[in-house]
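Down below is the structure, laid out as structure tokens.
The values are calculated or read from the model by the stated rules, or taken from the named source; none is laboratory data. Nothing here was measured: the structure is a model prediction, and the numbers come from that model. Here the Cβ positions follow ideal geometry from the backbone for every residue, glycine too, while neighbour counts run over all protein chains shown.
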Amino acid sequence: MSRAMVMTTWCSATAKGDPLRESKLLTNVLQPAAEAAGLGRVTWHQFRHIHSSLLNDLNVPVKIAQEQLGHASVATTLNIYTHAVDASHRKAIEALERELFVVLDHSGLQTAAGLDSAPPASDRVN
């Protein structure tokens, strides 16, 4: 598949079906989408960081992100372009709490129902 065909297939096109220029794609598609998502106004460089971070948050293999971003090494993708998404911190803490802080019933035994319905330990502290 040619690069032009990929661009036409994956990106917004003009009324003639030609790919949008980079500046038009940024101002007409990516920036409005980023603003609607609460990310504010983004640049192409910021979009690369967002792209890498969201792929990481979606558990996409880092080798895929590296190739999509065109980096020579996975280290560049992970150490420079990938940032933790705030919601992921919360999910990680809650998963850790489920493993560390077992919910016990009145007899002192772990109950499956208790594990599913109990709030995270961090919500019960303080």
Kindly list the number of the only condition in (1) among the charged types (D, E, K, R); (2) over 16 Å from the mean Cα position of the chain (by Cα); (3) assigned to a helix (DSSP H, G or I) that fails for R41. (3)
Touching a residue at least 12 places away in the same chain (Cβ under 8 Å), in contact with an Asp or Glu (Cβ under 6 Å, 6 or more places away or on another chain) and either outside any helix (DSSP H, G or I) or not basic (K, R) (or both): is that true of S53 in this structure? no
Residues (under 15 Å from G70 (Cα atoms) and either hydrophobic (A, V, I, L, M, F, W, C) or modelled with pLDDT under 90 (or both)) located in segment 14-49: W44, F47
